[in-house]
Amino acid sequence: MTCVHLLLTLVFAVSLGTPVEIQGPRGVPLTKKQFYVENKPFTCLDGSRTIPFDRVNDDYCDCKDGSDEPGTAACPNGSFHCTNAGYRTMFIPSSRINDGICDCCDTTDEYNSGAKCENTCKELGRKEREVLQKMTEITKEGFLLKQHLIEEAKKGHQEKQIKVTDMQENKKQLDEKVEVLRTVKETAEQPEKEAKERHLKAWEEQKAAIRLEKDKAKMAEAFLELDDNADGFVSVSELQSHAELDADADGTLTETEAQGLMGGAEQVDMSTFESVWPNIKDKYHSESQPEEPAPVETPPDEVKEPVVDNDSEPYPEDDISEEEDEDDEDEDDYHEDDDKAPPTIKTPEKSHEDEDAMPPYDADTQALIDAAQKARDDFEEAEKALREMDDQIRNIEKELSFDFGPDAEFTYLYSQCYELTTGEYIYRLCPFNRVSQKPKYGGSETNLGTWGSWSGPENNKYLLMKYEHGTGCWQGPNRSTTVKLTCGKETVVTSTSEPSRCEYLMEFTTPAVCQEPANTDLSPHDHVEL
């Protein structure tokens, strides 16, 4: 029986029973009445001495434990018992007897002080009974919900076990399918690889042949350009006309340098020029494709500044119109050049790209590629399905491994999150996962701890949850949170606090901790004393 149930039983018993007149010394509880018998010597409760009974409550402390003065303030270590009929009995220090302050709701502690005390026991008992009655109703409803949660948890646990068993059987079949498809894929990829390599090799050879032909054509063109007198020979002097071939970069191609490029010969014919061409082709500029000079643009500000300058004299209208006409002509020329430029610039690039682009695969090679790609797609799809199944099995097994309470009553909290918004923060509790804190008006989330273990007392460890290893505090420990679970009809976070630096306390109500209420039906004449 919980403390709440015991307390409710006692309060009901006291309030419903007929108050019993206790015959005996003032301040003595009913449970010790047998030690205080009038006209018989009194033995101190600690056994230290025996005194005549008329020295009990004589306002002089005879016993070391103060037991001879239960109704006076004579003994500093004495205690006074408040009967408080209709409410809870209680003990107060004897120093509070007749101190002018009403401590007992039945006013018995102020019997000789002159204080005006009012007996409030009946009203206090009524209020407490209302609170406890409400708590009992909540406990009853919560316990009924708990029974439902237990049934659902058992049913869900069985379903998940069956599901895992089925999935493990299906996984075996899927494993076999993946291996079969892996073999199919590897078998299809081998001829694909060989066909692609043949195609690439043929294309590389073709490109090499094309480059060689182009180089020969460029060489023949260069020979004709260099042979100024068209005598069928390129001489040293003719080669000197191309200063870009200068070896020492002094801007002049000397006779010695030109002769060196020509292998020491004074002149070479077409067949011999083939050995000279490799020496000059990287620097040689064809005369048929002269370099375009870098465009020189007149800064527009230099022309337009006088027009907008308020301090200068305005130009005559005729001059302005002529200038505008010239500007218009320039702009027209500029746009005409723009219209013509794209074909001359883009055509070589497009041609170059086309030349470097590998031609399409032939029909047989493409068929091998398509077959290999289909095999890859089938394999990847099966492998993905296998990974997903592994994840599902792992997640279900992880859930089944959690300690969800003696009857799995906490199972419903798994994969759920509950929030509490305060003035500054939004607190989020995800049972068996983590606790976090986020600023209400924007900012990053702070981890207040991840699931650790149940950490309640030995008689019921399921009253506290411990979340550990959260975000570290500045020059302090990692944050942690203790979640205190109490009985309630609803599942909700009711409060949060930080009792110690970086150590948080969260109050959480759930029907999963509600215990079966005790039977509080008592005889109206029963009297129970705490």
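The values are calculated or read from the model by the stated rules, or taken from the named source; none is laboratory data. As the structure is a prediction and not an experimental result, all values here were calculated from the model. No Cβ is skipped: glycine too gets one built from the backbone with ideal geometry, and neighbour counts run over all protein chains shown. Ligands, DNA and RNA are excluded from the accessible area calculation, which covers all protein heavy atoms including side chains. Shrake-Rupley method; radii C 1.70, N 1.55, O 1.52, S 1.80 Å.
Here are the numbers for this structure:
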item	result
Theoretical FRET efficiency, 1/(1+(r/R0)^6), r = Cβ-Cβ of Asp390 and Arg198, R0 30 Å, to 0.05	0.15
Set of lysines near Lys116 by C-alpha distance (under 27 Å), chain-local residues within fewer than 8 positions excluded	Lys127
Cleavage-rule hits, trypsin sites (Lys or Arg not before Pro), the stretch 364-465, DSSP coil, Cβ neighbours within 10 Å at most 16	Lys440
Förster-model FRET efficiency, 45 Å R0, Glu503 and Glu381, C-beta, rounded to 0.05	0.35
Per-residue ³J(HN,Hα) for the stretch 243-260, Karplus 6.51 cos²θ - 1.76 cosθ + 1.60, θ = phi - 60°, Hz, x for Gly and Pro	5, 5, 8, 4, 7, 9, 6, 9, x, 9, 9, 6, 5, 5, 5, 5, 5, x
In nm, spacing of pseudo-spin labels at Glu130 and Arg26 (7 Å Cα→C-beta vector)	3.3 nm
Cα-based Rg of the stretch 411-510 normalised by 2.2 N^0.38 Å, two decimals	1.03
GluC sites (Glu not before Pro) restricted to DSSP loop in the stretch 68-144 with at most 13 other C-beta within 10 Å	Glu118
Violating pairs (Cα-Cα greater than 26 angstrom) within the set Lys196/Lys384; Lys172/Lys374; Lys155/Lys461; Lys438/Lys484; Lys64/Lys122; Lys160/Lys484	Lys196/Lys384; Lys64/Lys122; Lys160/Lys484
Rounded to whole Hz, the Karplus (6.51, -1.76, 1.60) HN-Hα couplings of the stretch 484-495, x for glycine and proline	9, 9, 10, 6, x, 6, 10, 9, 7, 7, 9, 6
Table column - 3J(HN,Hα) (Hz), the stretch 359-368, Karplus curve with 6.51, -1.76, 1.60, x for Gly and Pro	x, x, 5, 6, 4, 5, 5, 5, 5, 5
Amide H partners (placed H, <5 Å) of Met90, local residues excluded	Cys82
Accessible area expressed per residue, the stretch 411-510, with surrounding protein chains retained (probe 1.4 Å, Å²)	54 Å²
Fraction of accessible area attributable to carbon and sulfur, the stretch 411-510 (%, probe 1.4 Å)	46 percent
Cα-projected label distance for His285 with Gln206, points at 7 Å along beta-carbon direction, nm	3.6 nm
Additional length obtainable on full extension of the chain from Asn39 to Ser275, 0.36 nm per residue less Cα span	70.4 nm
Separation of alpha-carbon centers, the stretch 195-255 and the stretch 400-433, rounded to whole Å	79 Å
Built amide H within the under 5 Å cut-off of Glu498, gap 5+	Leu505
Full-extension gain in nm, Glu141 to Tyr361, via 0.36 nm per residue minus C-alpha separation	71.7 nm
